[in-house]
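Peer 1: Structure in C-alpha cells, see below.
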Amino acid sequence: MNVDLDQLKRYDERITELAMAYGLDCFEQEFELCDHNEMLGYMSYSGMPSRYPHWSYGKSFEKMKTLYDHGAQGLPYEMVINSNPSLAYLMADNSVCLNVLTIAHVYGHNDFFKNNFTFSRTRPEYTLSSFKSHAERVRTYVEDPSIGVDRVEYVLDAAHALSMQCQRNMAVRKVPQDEQRQRAFEASLPTDDPNRSIHQAQEYIEPDLRRIPIEPEENLLLFLRDYNPFLMDWEKDLLTIVHEETQYFIPQIETKIMNEGWASYWHYQIMTNLDLPPELRLEFMVHHNQVLRPHSGGLNPYHLGFTMWDHIYKSHEGIEPADHRNATAGKDAIFQARESERDSSFLRRFLTEELCQRLGLFEYGTNRNDYVVTEIADDIGWRQIRESLVTSVGMGSIPVIKVVDGDHEGKRNMLLSHSYDGRELEMGQAEKTLGYTFRLWGRAVSLDTNIAGEEVRLTYDDDGFAAAERAA
Amino acid sequence: MSGLFRPKREAPADRSAGDRVRHREKVRSSIRENIADIIAEESIIGRSGDRMVKVPIRGIKEYRFVYGDNQGQVGEGAGEETERGDVVGQQQQPGRGQPGEGGDEPGVDYYETEVNVEELINIMFEDLELPDMERKQHAAIETLRQSRRKGYRHIGLRVRLDRRKTVKEKLRRERVRHGSATARPDGRMPFHEKDLRYKHRTTEIHRESNAVVFCIMDTSGSMDTTKKYLSRSFFYLLYQFVARRYDSVEVVFVAHDIEAKEVTEDEFFSKGEAGGTFVSSGYRKALEIIADRYHPDLWNVYAFHCSDGDNFGSDTPNAVKAAQELCEVSNLFGYGEIKPRGAGYYGSSLIETFRKIGAANFQTVLIERKEDVWPSFKAFLSRDREDAK
C-alpha cells in the first residue's frame with residue numbers, strides 16, 4: 001500500500017498546531033516511513049538507526065518476527081527515539097488513521113523526553129552520533145584480525161549481563177574516589193567538642209583509605225574497567241560502550257508508565273479535537289481502546305498512566321474537563337508532574353485509594369504453583385499495593401548490587417553485596433551472572449545476599465559456583 | 001513547529017542479517033553440544049529427513065541479576081471483584097512453554113527451537129570419520145565431487161554468460177574497428193557471437209581409498225524389543241553416517257542367529273528374531289564375504305557387531321577365533337554389547353571373553369540405555385583422533 005505523504009503532512013500540521021496550543025514543548029520531530037520488516041529491524045535495535053552488532057539483536061529479531069508472523073503480536077504503533085531532533089518511524093502498511101494516531105502519540109513522547117528531569121542528562125543532540133560511533137568502534141574490533149568476533153562476543157556477553165548494575169539516578173552526582181577518600185578521612189576526625197576538657201577523649205579509628213572502593217560502587221562495568229589491570233584497551237572500551245548505552249535507556253525504564261500515559265493522554269486530546277471524518281473517528285476509538293485496555297492479571301502501563309494523568313487533571317478541575325488550550329489548575333498540575341516525577345515518585349504521590357479501586361489493582365504471590373491474590377484495593381490493602389508497585393517499577397525491578405571490596409582478603413578477589421529488601425535473587429540467573437562477573441574480573445567474585453532468611457555468600461571462582469552460609 | 005517526513009527507502013537493507021546468522025550459529029553449536037541428549041530424547045531413528053523436531057537449546061540465553069518470585073507482584077483486574085485468596089493463574093512449568101517463551105521464565109536456562117532431522121544428522125556427523133583409512137590399490141571411492149570456476153570460454157550455457165566480460169569484449173572490438181567505443185547513431189549496441197564470454201566450470205573429483213562397512217547384528221530370540229531398538233539405533237546412525245559422508249563406501253548387512261545370512265538394508269532394519277545364538281556364524285559369514293569380494297589388500301574393511309552377548313557357551317571359543325581373524329583383515333572391528341539395565345535376567349557377557357583378543361584395532365563398548373548409543377558410536381569413529389591428541 002502506498003501511503004499518501006501529503007495527507008499525513010496535512011494532518012501533522014494540524015496536530016502540531018493543537019499540540020502547541022495545549023502547551024506541549026517538543027524537539028523538532030522527524031518521521032521515517034518504513035515497512036514491517038524494517039520496523040522489526042528497528043525494534044530489535046531499540047529504534048537506533050545504527051547500533052553495534054551482537055547476536056542478541058538477531059535473536060530478538062527472530063523472536064519478534066516469529067510472534068508477528070503467527071499473529072501473536074502486532075507491531076507497536078509508535079517507535080520513537082529520545083534524540084534531538086527526535087526520530088520516529090511510521091509503517092507505510094498502516095491505515096491513515098493509525099498513522100495519524102501514531103503522529104499524535106509521538107509528540108506526547110517528544111514533549112516528555114524534552115521536559116522530564118530524568119532525561120535532562122541524556123544529551124539528546126548526541127544520541128544518534130554516539131550510538132553510531134559505538135557501532136563503528138565495535139566493528140573495528142570485530143574486524144581486527146588480532147581480536148575478532150569471538151573475543152568481542154566473549155566480553156560483550158558478560159558486559160550485557162552486568163549492564164543494568166549501574167547508577168539509577170543520573171541527577172545524583174557521582175562522587176569521585178578522591179573526594180570519597182577525603183570524605184572518609186574527615187568523617188574519621190574527632191568531632192569538635194567544646195567540652196572536651198571534661199569529656200572522655202573519643203577513640204580514634206583510623207580510616208582505611210586504601211580500600212577500593214571507599215564507598216560501595218554501583219557501576220559494576222566501570223569498576224571492572226578501572227580496576228582490572230589485565231583488561232586490554234579494546235576490552236575496556238567495550239565495557240564503556242555497554243555502560244553508556246545502558247545509561248541512555250535508564251530514563252525510559254524509569255518513566256515507562258508516566259511516559260506512555262502522557263503520550264496516550266495527549267493523543268486522545270488531540271485526536272478528539274482534530275475533527276476527523278466519522279469513519280476515522282470510529283477507527284481511532286477502536287485502536288485507542290485496544291492500546292489502553294487493562295491487561296487482566298498484568299499491568300498495562302498505557303492504561304495505568306493514562307488513568308492517572310486523567311485523574312490528576314480532573315481532580316484539580318472538578319468533573320468537567322476544561323479546554324486544554326487555557327491555562328488551568330489541572331493543566332498546571334499535570335505539566336508540573338511530567339517535569340519533576342518518575343514512575344516510583346509519581347505512583348507514590350498520585351496513586352490514591354480511589355484509583356486503586358477503579359483500576360481493580362491487587363497484589364498476588366505464589367503458593368506452590370498457583371498465583372494467589374494476597375491483597376486487594378480496599379481501605380486496608382491499597383497502601384500495601386501502592387508500596388509494592390512503587391518498589392517494583394522502573395529500575396526497582398533490578399536488584400541493587402554494589403562492589404564493596406575490590407581486594408577482598410588481600411587476594412584481589414571481588415566482594416559484591418546485594419541490598420536485600422525482602423525480594424530474593426533468582427538463583428539460576430545469579431549463578432550465571434556471577435560467572436560473567438568472574439570472567440571480566442579474572443579473580444574470584446563473591447556476592448552476599450539473603451536466601452530464605454539466611455545470609456548467604458555466593459562465590460564464583462576457578463572451581464565454579466558455590467554457595468555458603470555467611471559466618472556471623 | 002511541524003514534523004519532517006522522510007519517504008520510505010526504495011531498497012531497505014536487511015540490517016539484522018549478520019546478527020541473525022551469528023545467532024543461528026550459536027543455536028547450531030548448542031545443538032552440537034547436546035546432541036547425545038537430543039538423539040536419546042527424540043528418537044530420530046527412521047524418521048524422514050524433512051521432519052521437524054523440537055530441540056532444547058542451552059547456553060544462548062542472556063542472564064542478569066533478577067528477582068525470584070518470593071514477594072508479591074501487582075496486577076489489575078478485568079472488572080469483576082477480586083478477593084484475597086483467589087487463584088489468578090498458574091506458574092509456568094519450566095520447559096513446557098511455547099517455543100521461544102520458556103526462556104522467559106526465571107531459572108530455566110534453555111528454550112526450544114525447531115530443526116529438521118536432516119540438519120540434525122548433518123550436525124551430528126560434522127566431525128566424525130572412518131578411522132585409520134589406508135591408501136589401497138585401485139582407489140575408487142569418490143569422497144567429494146566439486147564444481148569449480150576455471151576461466152572463460154566462448155561457448156557455454158546461457159545462465160553462465162558473464163555480462164560484464166562480454167560487454168568489455170564488445171567495447172574492445174568496437175575500439176579496434178572504429179577507434180572509439182561510441183554507440184551507433186541509432187543507439188543500438190549489437191553484439192557479435194565472438195563477444196560472448198561464458199564462465200567455465202570443471203568438476204573435480206577427490207578419490208579416497210576403497211572401503212566396505214560390515215553391519216553384523218544378532219537377531220536371535222534373546223534380542224527383545226529394547227535390545228533390538230538399541231542395536232538398530234546404532235546401525236541406523238552408522239548407516240546414515242556412511243551414506244552421507246562417503247559417496248560410495250559399500251555397506252554389507254549380515255544378520256545372524258545360529259546361522260548367518262547376508263540381507264538387504266530393508267530386511268536388516270526390519271527383520272524379526274528367532275532362534276539361538278552362534279556369534280561365530282556372523283563372523284564366519286563376514287570373513288567369507290571378505291574373502292569373496294573385498295580383498296583386504298584392496299579394501300579398507302570396517303566391521304561392527306551388535307549383540308546381547310548371550311552366546312551359546314560351546315560357540316564362544318569359535319567366536320573368539322573368528323573375531324581374531326576378522327581383526328587381522330579389517331582396519332577396525334567394533335563390538336557393541338547391548339545390555340539394557342533392569343533387564344532382570346542378566347545373561348552371559350562376551351565383553352570379558354573378547355578382552356583377551358588384544359588386537360589394537362578391536363574395540364568393545366557396552367550399551368545400556370538409549371543415551372549410550374551416541375557416545376559409543378562416537379567412541380568407535382573418533383578413536384584414532386583421540387589417540388593422536
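The values are calculated or read from the model by the stated rules, or taken from the named source; none is laboratory data. Since the model is a prediction, treat every value here as computed from it, not as a measurement. Because the Cβ atoms are built from the backbone with ideal geometry, glycine has one as well, and the counts that use them run over all protein chains shown. All accessible areas refer to the heavy atoms of the entire protein, side chains included, with ligands and DNA or RNA removed. Shrake-Rupley method; radii C 1.70, N 1.55, O 1.52, S 1.80 Å.
Peer 1: Given the options A:Arg342, A:Arg338, name the one that is away from chain B (no Cβ under 14 Å), closer than 16 Å to A:Phe306 by Cα, at pLDDT 80 or above and open to solvent by 30 Å² or more (accessible area, probe 1.4 Å). Spell out the reasoning first.
Peer 2: Details: A:Arg338 fails: open to solvent by 30 Å² or more (accessible area, probe 1.4 Å).
Answer to the check: A:Arg342.
Peer 1: Exactly one of these conditions fails for B:Thr225: (1) assigned by TED's automatic domain parsing to the domain that holds B:Ile155; (2) at pLDDT below 80; (3) open to solvent by 70 Å² or more (accessible area, probe 1.4 Å). Give me its number.
Peer 2: (1)
Peer 1: Another one. Could you grab me the full set of residues in the range A:384-424 that are among the hydrophobic types (A, V, I, L, M, F, W, C), at the interface with another protein chain (Cβ under 8 Å from one of its Cβ atoms) and open to solvent by less than 10 Å² (accessible area, probe 1.4 Å)?
Peer 2: First, pick out the residues of the range A:384-424 that are among the hydrophobic types (A, V, I, L, M, F, W, C): A:385, A:389-390, A:393, A:395, A:398, A:400-401, A:403-404, A:414-416.
So of that shortlist, the ones also at the interface with another protein chain (Cβ under 8 Å from one of its Cβ atoms) come out as A:385, A:389, A:398, A:401.
Passing the criteria: A:Ile385, A:Leu389, A:Ile401.
Peer 1: Follow-up. Which of the residues belonging to the range A:1-37 are within 7 Å of chain B (Cβ to nearest Cβ), among the hydrophobic types (A, V, I, L, M, F, W, C) and surrounded by fewer than 18 Cβ atoms within 10 Å (Cβ to Cβ)?
Peer 2: A:Leu5, A:Met20
Peer 1: How about the range A:38-60: which of its residues are in contact (Cβ under 8 Å) with a residue 24 or more places away in the chain and facing chain B (nearest Cβ under 7 Å)?
Peer 2: Just the residues of the range A:38-60 that are in contact (Cβ under 8 Å) with a residue 24 or more places away in the chain, to begin with: A:38-40, A:42-43, A:46-56.
A:Glu38, A:Pro53, A:His54, A:Trp55, A:Ser56 - these are the residues of the range A:38-60 that are in contact (Cβ under 8 Å) with a residue 24 or more places away in the chain and facing chain B (nearest Cβ under 7 Å).
Peer 1: From the list A:Ala327, A:Ala333, A:Ala377, A:Ala322, exactly one residue is open to solvent by less than 30 Å² (accessible area, probe 1.4 Å) and modelled with pLDDT under 90. Which is it? It would help to see each step written out before you state the result.
Peer 2: Working: A:Ala327 fails: open to solvent by less than 30 Å² (accessible area, probe 1.4 Å); A:Ala333 fails: modelled with pLDDT under 90; A:Ala322 fails: open to solvent by less than 30 Å² (accessible area, probe 1.4 Å).
None of the other options fit; the residue is A:Ala377.
Peer 1: Also, I was wondering about something else. Checking A:Ile198 against (1) part of a loop (DSSP other than H, G, I, E, B); (2) open to solvent by less than 80 Å² (accessible area, probe 1.4 Å); (3) more than 14 Å from chain B (Cβ to nearest Cβ), only one condition comes out false. Which one?
Peer 2: Tallying (1) part of a loop (DSSP other than H, G, I, E, B); (2) open to solvent by less than 80 Å² (accessible area, probe 1.4 Å); (3) more than 14 Å from chain B (Cβ to nearest Cβ), A:Ile198 fails exactly one: (2).
Peer 1: Now for a separate question. Among the residues of the range B:347-371, count how many are open to solvent by less than 60 Å² (accessible area, probe 1.4 Å) and out of contact with any helix residue (DSSP H, G or I) (no Cβ under 8 Å at 6 or more places or on another chain).
Peer 2: Selection size over the range B:347-371: 4.
Peer 1: Are any residues in the range A:345-374 open to solvent by less than 30 Å² (accessible area, probe 1.4 Å), part of a loop (DSSP other than H, G, I, E, B) and charged (D, E, K, R), and if so, which ones?
Peer 2: Scanning the range A:345-374 gives no hits.
Peer 1: Still on this structure: If the requirement is being farther than 19 Å from B:Val88 by Cβ and either more than 8 Å from every other protein chain (Cβ to nearest Cβ) or surrounded by fewer than 18 Cβ atoms within 10 Å (Cβ to Cβ) (or both), which of these qualifies: A:Gly297, A:Gly305? Even if it seems obvious, please write down each step before you answer.
Peer 2: Values: A:Gly297 fails: farther than 19 Å from B:Val88 by Cβ.
Being farther than 19 Å from B:Val88 by Cβ and either more than 8 Å from every other protein chain (Cβ to nearest Cβ) or surrounded by fewer than 18 Cβ atoms within 10 Å (Cβ to Cβ) (or both) holds for just one of A:Gly297, A:Gly305, which is A:Gly305.
Here is a yes/no grid of residues against (1) of a type in the set (Gly, Ala, Ser); (2) outside any loop (DSSP other than H, G, I, E, B):
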| site | (1), (2) |
| --- | --- |
| A:Ala184 | yes, yes |
| A:Asp193 | no, no |
| A:Ile212 | no, no |
| A:Leu221 | no, yes |
| A:Asp226 | no, yes |
| A:Val242 | no, yes |
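Peer 1: Only strands (runs of 3 or more DSSP E) wholly contained in the range A:390-472 count here; list those with 3 or more residues that are farther than 22 Å from A:Met164 by Cα.
Peer 2: Result: A:454-461, A:464-469.
Peer 1: I need a count of the residues in the range A:160-199 that are within 18 Å of A:Thr240 (Cα to Cα) and in contact with a Phe, Trp or Tyr (Cβ under 8 Å, 6 or more places away or on another chain).
Peer 2: Summing the residues that are within 18 Å of A:Thr240 (Cα to Cα) and in contact with a Phe, Trp or Tyr (Cβ under 8 Å, 6 or more places away or on another chain) in the range A:160-199 gives 4.
Peer 1: Restricting to the range A:83-98, give me the number of residues that are modelled with pLDDT of 90 or more and either among the small types (Gly, Ala, Ser) or crowded, with 23+ Cβ neighbours inside 10 Å (or both).
Peer 2: 6
Peer 1: Continuing with the same structure: Any residue at all in the range A:34-48 that's of a type in the set (S, T, N, Q), part of a helix (DSSP H, G or I), more than 25 Å from the chain's Cα centre (by Cα) and closer than 20 Å to B:Asp19 by Cα? Even if it seems obvious, please write down each step before you answer.
Peer 2: Just the residues of the range A:34-48 that are of a type in the set (S, T, N, Q), to begin with: A:37, A:44, A:46.
Going one step further and asking which of them are part of a helix (DSSP H, G or I), we end up with A:37, A:44.
Okay, now just the ones that are also more than 25 Å from the chain's Cα centre (by Cα), so A:37.
From the residues that got through so far, the ones that are closer than 20 Å to B:Asp19 by Cα too are A:37.
Yes, because at least one residue in the range A:34-48 is of a type in the set (S, T, N, Q), part of a helix (DSSP H, G or I), more than 25 Å from the chain's Cα centre (by Cα) and closer than 20 Å to B:Asp19 by Cα.
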